[in-house]
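The values are calculated or read from the model by the stated rules, or taken from the named source; none is laboratory data. The structure presented is a predicted model; accordingly, all values stated were derived computationally and were not measured. All Cβ positions, even for glycine, are placed from backbone atoms using ideal geometry, and neighbour counts span all protein chains on display.
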Amino acid sequence: MRKIYIFDTTLRDGEQSPGVNLNMQEKVEIALQLEKLGVDRIEAGFPAASPGDLAGVRAVAEAVRNASVIGLSRSRQPDIDAAYEALKAAQDPCLHLFLATSPIHRQHKLRMDKAKVLETAEAAIRYAKKYFSKIEFSPEDAGRTELDFLCEVTAMAIRAGATVVNIPDTVGYMTPAEFGNIFKVLKENVPGIENIQLSAHCHDDLGMATANALAAIMNGADQIEGTINGIGERAGNTALEEVAMALETRQDLYQAKTTLNLSEIARTSRLVSKLTGMVVPGNKAIVGANAFAHESGIHQDGMLKEKSTYEIMSPETIGLKESKLVLGKHSGSHAFREKLVDLGYELNDEQLKEAFGKFKDLADKKKDVTDDDIRALVEEKLVRT
Ligand code: KIV
Ligand code: ZN
């Protein structure tokens, strides 16, 4: 089974979510939890962005021992110097250099032609080599870059000494077929590609970040970048827990897996949500409050008979205790009876029938029927009989 490396950028791209600002202690707390989760690489920040970010990256570099620690840098010397300062203490440091390559970015943002882009990136990689043995290079907006130019940029990065080339779909514009094809073309056409790792970095503007990351894996990507809970710039990044669980659940299809400690997923998700203040939507895949909750009577009946009828993975795998059967107006008598047993009631068939009728009346009026509601309903019934 092929290993997929996990590059977590919760502390960098994730922190670029509007309204999120992590202090040094919070960065270290999240980094240590990411280490427990078993991510291979932690992008801790962008040291040249501010003195606070440099200090945050340095603190993470000092604290983390079992994952590579990475700092982001534009393709310019002062940024690379700042990243070196921040990462000096890391056990396994890596520099993440980027420069935009798409026509839109070349023309409007960088005002550079193709030759200048190649020259600037190459100079940056060669300069960084004096500090770092591990360098990742990202052609920013690779998704909207001409494929032949992307091959040229990748070949240059390999020659200059990059150890990972990351393909960012910076604006979340790609579809899975298109994004997967980029990896196929790079693998087939770039000399020396077998000597480096190829990475995918997707954004979720069209809701396809996870699908695009999986398409990249199908086409030979070695590493996936993303964040916990999918937080990040605009609509966010690939949610790493989704990629990890897709690989785990569909090993038959992907023939690849991460080395994450999956049972740390729920704890990591809760910590990131708490410290960033970004609430996880109830219906979020894998880590949303409803991801393992069942309300309909038909589903609850199936679950009580055999869990695989309505669950493709078990909540225990990600570190949750159990699935939830939520009582509401769609629930049936099977789940209601189980709930009564859980709450310590033994009702005969007639009492059960009457209580269930009352429960249905209540559920029609109230969105969430709580344990206390059920107790009140049953106590009233028992007192009267
Ligand atoms: O989305 C992006 O292009 C980035 C790069 C810095 C890799 O985050
Ligand atoms: Zn990004």
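Regarding region 179-186, can at least one residue be identified that is within 15 Å of ligand 1 (Cβ to nearest atom) and touching a residue at least 12 places away in the same chain (Cβ under 8 Å)?
Initially, region 179-186 is screened for residues within 15 Å of ligand 1 (Cβ to nearest atom), giving 179, 182.
Those still in the list that are touching a residue at least 12 places away in the same chain (Cβ under 8 Å) too: 179, 182.
Yes: one or more hits.
Collect the residues in region 310-340 that are surrounded by 19 or more Cβ atoms within 10 Å (Cβ to Cβ) and in a strand (DSSP E or B), keeping them in residue-number order.
L325 - this is the single residue of region 310-340 that is surrounded by 19 or more Cβ atoms within 10 Å (Cβ to Cβ) and in a strand (DSSP E or B).
Determine whether D113 is acidic (D, E), more than 16 Å from ligand 1 (Cβ to nearest atom) and surrounded by fewer than 16 Cβ atoms within 10 Å (Cβ to Cβ).
On the way: acidic (D, E): yes; more than 16 Å from ligand 1 (Cβ to nearest atom): yes; surrounded by fewer than 16 Cβ atoms within 10 Å (Cβ to Cβ): yes.
Yes; evaluated as a whole, the condition is true for this residue.
Mind counting the residues in region 173-192 that are touching a helix residue (DSSP H, G or I) at 6+ places or on another chain (Cβ under 9 Å) and more than 14 Å from A216 (Cβ to Cβ)?
Counting residues in region 173-192 that are touching a helix residue (DSSP H, G or I) at 6+ places or on another chain (Cβ under 9 Å) and more than 14 Å from A216 (Cβ to Cβ) gives 5.
Restricting to region 196-218, and then to whatever is free of Cβ contacts under 8 Å to residues at least 40 places away in the same chain and closer than 27 Å to S133 by Cα, can you tell me which residue is farthest from ligand 1 (Cβ to nearest atom)?
I196
Taking the criterion of being among the hydrophobic types (A, V, I, L, M, F, W, C), buried (at least 17 other Cβ atoms within 10 Å of the Cβ), within 16 Å of ligand 2 (Cβ to nearest atom) and not in a loop (DSSP other than H, G, I, E, B), would at least one residue in region 248-268 satisfy it? Before the answer, list the steps.
Let us first name the residues in region 248-268 that are among the hydrophobic types (A, V, I, L, M, F, W, C), namely 253, 256, 260, 262, 265-266.
Cutting the leftovers down to buried (at least 17 other Cβ atoms within 10 Å of the Cβ) gives us 256, 260, 262, 265-266.
When the remaining residues are screened for being within 16 Å of ligand 2 (Cβ to nearest atom), the result is none.
The answer is no; no qualifying residue exists.
Do you know which residues across region 228-253 are away from ligand 1 (no atom under 13 Å from the Cβ), under 17 Å from M174 (Cβ atoms) and of a type in the set (V, I, T)?
Hit for region 228-253 is V243, nothing else.
So which pairs qualify, if the first residue must be in region 1-25 and closer than 16 Å to V279 by Cα, the second must be within 13 Å of ligand 2 (Cβ to nearest atom) and assigned to a helix (DSSP H, G or I), the Cβ gap must be under 7 Å, and the two must be at least 6 apart or on different chains?
L22/E15
May I ask you to list the residues in region 269-284 that are surrounded by 13 or more Cβ atoms within 10 Å (Cβ to Cβ) and either touching an Asp or Glu at 6+ places or on another chain (Cβ under 6 Å) or hydrophobic (A, V, I, L, M, F, W, C) (or both)?
L271, V272, L275, M278, V280
I'm checking my understanding of the structure. Among residues of region 1-43 that are part of a helix (DSSP H, G or I) and within 16 Å of ligand 2 (Cβ to nearest atom), which one is nearest to the chain's Cα centre (by Cα)?
Step one: of region 1-43, the residues part of a helix (DSSP H, G or I) are 14-16, 24-37.
Narrowing the set further to residues that are within 16 Å of ligand 2 (Cβ to nearest atom) leaves 14-16.
Details: G14: 10, E15: 13, Q16: 14 Å.
So, considering only residues that are part of a helix (DSSP H, G or I) and within 16 Å of ligand 2 (Cβ to nearest atom), the one nearest to the chain's Cα centre (by Cα) is G14.
Could you check how many residues of region 83-101 are buried (at least 23 other Cβ atoms within 10 Å of the Cβ) and in contact with a helix residue (DSSP H, G or I) (Cβ under 7 Å, 6 or more places away or on another chain)?
Counting residues in region 83-101 that are buried (at least 23 other Cβ atoms within 10 Å of the Cβ) and in contact with a helix residue (DSSP H, G or I) (Cβ under 7 Å, 6 or more places away or on another chain) gives 9.
Test of understanding: among K88, K116, which residue is under 28 Å from the mean Cα position of the chain (by Cα) and either modelled with pLDDT under 95 or of a type in the set (D, E, K, R) (or both)? Talk me through it step by step, then tell me what you get.
On the way: K116 fails: under 28 Å from the mean Cα position of the chain (by Cα).
One residue alone meets the criteria, K88.
Could you run through region 131-156 and say how many residues are more than 10 Å from ligand 1 (Cβ to nearest atom), under 14 Å from I182 (Cα atoms) and touching a strand residue (DSSP E or B) at 6+ places or on another chain (Cβ under 8 Å)?
Total meeting the criteria: 4.
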